Amino acid sequence: MYTHNNEQTLEQKWQNATIANNFIFYKIMRNNPDICKELLEILLEFKIDHIEMRQEEEVAIDYGKKGIRLDVYAVGATESFYLEIQTTDTGELPERARYYQSILDVDDLNSGKNYSELKTSYIIFICIPDIFKKGRAKYTFENLCLEDTEIKLNDRTQKLFFIAENYDKILNDEQKGVLQMVMENKSTTKFSDKVSGLVEDAKHNARWRHQFLEYEIQQRYQFNAGKKEGIEEGARQNAIENAKAFLKEGLSPEVIARCVKLPLEQILELQEKN
C-alpha cells in the first residue's frame, strides 16, 4: 500500500521506495526506454513506433544550482510525451500540464518545423489522489468548442490524468495493473512484474542511492527553510498589525518600535500612511 511517512530515516525511505516514488519512477523510465514505451502504450492504448528520451539527465545535486527534474520527456516518430507521477495534490497540476504543453511545442518549433508539423502531444500524470474529486480512474482532456462540444479544435493535444486510488474503476486490465502497482505495490500483470523487478534492482544501484539521499536532503532543507521563512514572515506581519493598533491608541513611534521590535523608520512610515 502506498504510504507517505515523514518519520522514516532517509535510508529507510530508500529501502521502502516503490514505483510510486517519483525518483524511482523517473530513474526506471529514463534508463529503460523500452519499459517507458510499453507504459505509454498501455496508458494511451495504441502502439508507438519508437521513443527517444529528450531531456538531459539532471540529477547531480548542487545546492547552488537548479534542483533535480523528475519528469519524463520522450518523443516518437509523430508523437511527443510528458510523463510524471504525483503522490499528492499540489493544487496546480492543470497549470503544470499547460506549461509542459508549451515545452513540447517550443521544442518542436525550435527544430525548424512549421505549425502543421508539430507532433501530436500527450501530457500524462499518474496521480495517487483523485485531484478532480469525481471518482474516475482516468480523466482525458482536449480542446472543444464550448458552444458545440461535438466540434474539436483538432490541435492534436491531450492531457491525461490517471488516478491510482480509483484503479478498481478502470476497465482496461493492463491500466488497472499499472495503477494498482502504484497504489498498492502489487504485481498483477507481466508488465508490473517487470517494473517491480527493476525497482528491486534499483535498490542495489549505489550511484542512484547516493543521488536519492542527496535529493531528499535538499528537499528537506528547502522545506525547513520555507517553513522558517513563513514563520518569520508571519511574525513580521503580526508586528506590523500591532504597530498600527498602537498608533491608533496614540502611543509614540519610539515606544511602539521598542515594543514590537520594528525599526523606528518603519513605524514612522506606518504613521504617515495612517
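No value in this document is a laboratory result; all are computed from the given coordinates. Because the structure is a prediction, the values reported are computed rather than measured. Here Cβ is always computed from backbone atoms with ideal geometry, including for glycine, and neighbour counts include all displayed protein chains.
Checked against (1) charged (D, E, K, R); (2) surrounded by 15 or more Cβ atoms within 10 Å (Cβ to Cβ); (3) touching a Ser or Thr at 6+ places or on another chain (Cβ under 7 Å), Arg209 passes all but condition (3). Just so you know, in the stretch 151-165 the residues that are of a type in the set (S, T, N, Q) and in a strand (DSSP E or B) include one that is surrounded by the most Cβ atoms within 10 Å (Cβ to Cβ), and it is Thr157. On inspection, Asp148 fails the criterion of being surrounded by fewer than 18 Cβ atoms within 10 Å (Cβ to Cβ) and either touching a residue at least 12 places away in the same chain (Cβ under 8 Å) or closer than 21 Å to Phe125 by Cβ (or both). Scanning the stretch 166-199 for residues that are farther than 18 Å from Asp34 by Cα, surrounded by fewer than 17 Cβ atoms within 10 Å (Cβ to Cβ) and not polar (S, T, N, Q) yields a count of 6. Among residues of the stretch 78-132 being of a type in the set (Ser, Thr, Tyr) and part of a loop (DSSP other than H, G, I, E, B), the one that is surrounded by the fewest Cβ atoms within 10 Å (Cβ to Cβ) is Ser111.
Against the list (1) over 18 Å from Ile42 (Cα atoms); (2) in contact (Cβ under 8 Å) with a residue 40 or more places away in the chain, the condition Val72 fails is (1).
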